[in-house]
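Trainee: Here it is: the structure, laid out below.
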Amino acid sequence: MLSGRFTPGQPLPSVRSLAAQVGLSPATVAAGLAELRRRGVIITERRRGSRIGEAPPIGPRRGTLPLPAGVRDVSRGNPDPALLPDIEPALARCAHAARLYGEPAVLPALSALAREQLVADGVDAEHVCVLSGALDAIERVLHANLRPGDAVAVEDPGYAALYDLLRANGLRLEGVAVDDCGMLPEALARALDRGASGVVITPRGQNPTGAAIDAGRARELRAVLAGHPRALVVEDDHLGPLAGVALESVLRDRERWAATRSVSKALGPDLRLAVLAGDEQTIARVQGRQACGPGWVSHILQSLVVELSSDRAVHALLARAAAVYAARRGLLLEQLARHGIDAHGVCGLNVWIPVAEEAVAFAALLQRGFLVAAGAPYRLTSSQPAIRVTIATLTDDESERLACELARVLATSATSRSG
Ligand SMILES: Cc1ncc(COP(=O)(O)O)c(C=O)c1O
């Protein structure tokens with residue numbers, strides 16, 4: 001595949017004809033294919049046979065190209081560094097007693113804090129553990145409950161890194177269409193009826209569309225999920241205090257469930273820390289597996305998170321950050337609307353802008369000084385082409401310029417299509 005001879009989605013011949021082509025027995029070929037399936041390189045479905053995975057997990061998919069001079073990068077989904085707390089004073093306050101093997105994996109102060117926040121969000125916090133970020137937590141929850149070849153319902157459009165993670169674990173993706181209130185209940189019902197045994201849901205600041213689940217949608221989604229009591233449901237709240245809207249959880253009375261609370265957006269992605277709550281069995285399995293590998297998340301990081309989260313000045317900064325992000329997002333949406341451009345961004349750090357031709361919009365904006373994220377990695381089959389703009393550090397002036405340039409790009413591509 002590295003040589004390009006095989007492409008994502010390419011169908012594979014039957015075991016029998018492959019065996020004849022390579023001169024091996026069908027049993028040997030079947031064993032080889034089973035191993036490739038286990039590693040997520042190929043996908044097998046009863047009716048469609050085997051094919052190369054959509055994005056086989058062989059090396060990074062999105063390389064980092066050097067940014068051309070003078071180009072503004074609004075593609076990365078990062079928070080504004082100016083709105084992250086200064087960790088130095090908090091680090092100085094952290095207790096530095098040497099911690100050795102054999103201590104409890106989670107600092108009691110952090111589990112108390114996490115419990116308080118989870119309960120305030122209406123999430124059961126009886127069983128919690130601490131992991132290295134939301135994706136680490138999600139991967140471990142999936143490992144604890146699903147097997148390669150299982151299908152997972154995900155938002156479409158959705159978080160590209162989550163798609164990669166699922167594919168790398170040999171899981172199949174069942175796209176669920178979203179609107180500004182998150183997953184559409186009927187689309188989720190279809191994915192579950194098609195056999196999805198897991199669901200990953202972003203309650204607010206959905207990446208890339210910014211959708212936020214309101215009370216009515218949460219009720220509808222819970223009703224759909226109630227029809228599938230064995231399905232694993234994972235809720236990924238990556239924005240936390242920056243969301244600016246209340247969390248409406250779809251997790252209630254579930255048998256197998258988990259909720260992640262990452263500190264990446266609020267306190268900084270380099271802290272690599274997320275709290276995970278879940279049912280007793282899932283948390284026990286995740287903790288047991290973590291104990292065999294890294295053991296625990298460094299207590300230095302855990303106490304830093306406790307210090308930061310208990311600091312009034314940090315609370316004030318986070319409230320300001322939420323307001324600044326909302327204002328930056330609002331301004332870009334307003335500027336786009338002035339040019340008649342429809343866009344999405346109820347909440348969070350991104351604005352999602354549908355366009356007729358993604359590659360054209362991406363390339364033309366790059367020429368005009370803006371690197372946006374092309375929508376393709378964030379889309380499966382049910383969503384339309386689009387680009388994503390991260391508003392985290394966008395100034396008023398840049399917002400106006402970006403909207404203006406995009407309007408020109410869209411007008412030009414419409415004219416050239418009709419010409
Ligand atoms: C939907 C979603 N989940 C989680 C994360 C962050 O994950 P982590 O805690 O692994 O940094 C992001 C970051 O952009 C995200 O968009």
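Trainee: For Gly70, indicate whether it is away from the ligand (no atom under 16 Å from the Cβ), in a loop (DSSP other than H, G, I, E, B) and either at pLDDT below 95 or not hydrophobic (A, V, I, L, M, F, W, C) (or both).
Mentor: Yes; evaluated as a whole, the condition is true for this residue.
Trainee: If you check Gly330 against the conditions, is it of a type outside the set (A, V, I, L, M, F, W, C), over 30 Å from Leu110 (Cβ atoms) and either surrounded by 13 or more Cβ atoms within 10 Å (Cβ to Cβ) or more than 16 Å from the ligand (Cβ to nearest atom) (or both)?
Mentor: Judged against the criteria, Gly330 is a match.
Trainee: Looking at segment 274-284, can you tell me whether even one residue there is part of a loop (DSSP other than H, G, I, E, B) and either modelled with pLDDT of 95 or more or within 11 Å of the ligand (Cβ to nearest atom) (or both)? Step through it out loud before you land on a result.
Mentor: Within segment 274-284, the first condition is being part of a loop (DSSP other than H, G, I, E, B), and the residues that meet it are 279.
Checking the rest, the ones that are also either modelled with pLDDT of 95 or more or within 11 Å of the ligand (Cβ to nearest atom) (or both) come to 279.
Yes.
Trainee: Follow-up question, since we're still on this one. Can you tell me how many residues in segment 143-165 are more than 10 Å from the ligand (Cβ to nearest atom) and either of a type in the set (Ser, Thr, Tyr) or over 14 Å from the mean Cα position of the chain (by Cα) (or both)?
Mentor: 10
Trainee: Hey, does segment 361-372 have a residue that's within 17 Å of the chain's Cα centre (by Cα), buried (at least 20 other Cβ atoms within 10 Å of the Cβ) and either within 13 Å of Val178 (Cβ to Cβ) or among the hydrophobic types (A, V, I, L, M, F, W, C) (or both)?
Mentor: In the first step, residues of segment 361-372 are kept if they are within 17 Å of the chain's Cα centre (by Cα); the result is none.
Within segment 361-372, not a single residue is within 17 Å of the chain's Cα centre (by Cα), buried (at least 20 other Cβ atoms within 10 Å of the Cβ) and either within 13 Å of Val178 (Cβ to Cβ) or among the hydrophobic types (A, V, I, L, M, F, W, C) (or both).
Trainee: If you take the residues in segment 250-263 that are in contact (Cβ under 8 Å) with a residue 60 or more places away in the chain and crowded, with 22+ Cβ neighbours inside 10 Å, which one is nearest to the ligand (Cβ to nearest atom)?
Mentor: Ranking the qualifying residues of segment 250-263, first place goes to Ser262.
Trainee: Provide a single number: the residues in segment 6-31 that are surrounded by fewer than 16 Cβ atoms within 10 Å (Cβ to Cβ) and in a helix (DSSP H, G or I).
Mentor: 10
Trainee: Confirm whether Leu308 is touching a Pro at 6+ places or on another chain (Cβ under 8 Å), more than 10 Å from the ligand (Cβ to nearest atom) and in a helix (DSSP H, G or I).
Mentor: Against the criterion (touching a Pro at 6+ places or on another chain (Cβ under 8 Å), more than 10 Å from the ligand (Cβ to nearest atom) and in a helix (DSSP H, G or I)), Leu308 qualifies.
Trainee: Residues being in contact with an Asp or Glu (Cβ under 9 Å, 6 or more places away or on another chain) and part of a loop (DSSP other than H, G, I, E, B): count how many of those fall in segment 113-141.
Mentor: Matching residues across segment 113-141 total 7.
Trainee: Which members of segment 207-246 meet the condition of being of a type in the set (Lys, Arg) and either part of a helix (DSSP H, G or I) or crowded, with 24+ Cβ neighbours inside 10 Å (or both)?
Mentor: Going through segment 207-246, the residues of a type in the set (Lys, Arg) turn out to be 217, 219, 222, 230.
Selection gives Arg217, Arg219, Arg222.
Trainee: Please give the number of the condition Ala343 fails out of (1) in contact with a helix residue (DSSP H, G or I) (Cβ under 6 Å, 6 or more places away or on another chain); (2) in contact (Cβ under 8 Å) with a residue 40 or more places away in the chain; (3) more than 27 Å from Thr260 (Cα to Cα).
Mentor: Ala343 satisfies every listed condition except (2).
Trainee: Of all residues in segment 182-223, count the ones that are within 16 Å of the ligand (Cβ to nearest atom) and either in contact with a Gly (Cβ under 7 Å, 6 or more places away or on another chain) or within 23 Å of Gly244 (Cβ to Cβ) (or both).
Mentor: 16
Trainee: Filter segment 300-312 down to the residues that are of a type in the set (Gly, Ala, Ser) and either in contact with an Asp or Glu (Cβ under 9 Å, 6 or more places away or on another chain) or surrounded by 15 or more Cβ atoms within 10 Å (Cβ to Cβ) (or both) and list them by number.
Mentor: Across segment 300-312, the qualifying residues are Ser303, Ser309.
Trainee: What number of residues within segment 1-28 are modelled with pLDDT under 80 and under 22 Å from Arg172 (Cα atoms)?
Mentor: Residues in segment 1-28 being modelled with pLDDT under 80 and under 22 Å from Arg172 (Cα atoms): 6 in total.
Trainee: Which one is farthest from Thr202 (Cα to Cα) among residues in segment 166-179 that are within 16 Å of the ligand (Cβ to nearest atom) and part of a strand (DSSP E or B)?
Mentor: Step by step, filter segment 166-179, then rank; the result is Leu173.
Trainee: Still on this model: Is it the case that segment 103-112 has a residue that's of a type in the set (Asp, Glu), outside any helix (DSSP H, G or I) and either out of contact with any strand residue (DSSP E or B) (no Cβ under 6 Å at 6 or more places or on another chain) or within 16 Å of the ligand (Cβ to nearest atom) (or both)?
Mentor: The answer is yes; a qualifying residue exists.
The values are calculated or read from the model by the stated rules, or taken from the named source; none is laboratory data. This one's a predicted model, so the numbers in the text were calculated from it and none came from an experiment. Ideal geometry is used to build each Cβ from the backbone, glycine not excepted, and the neighbour counts take in all protein chains shown.
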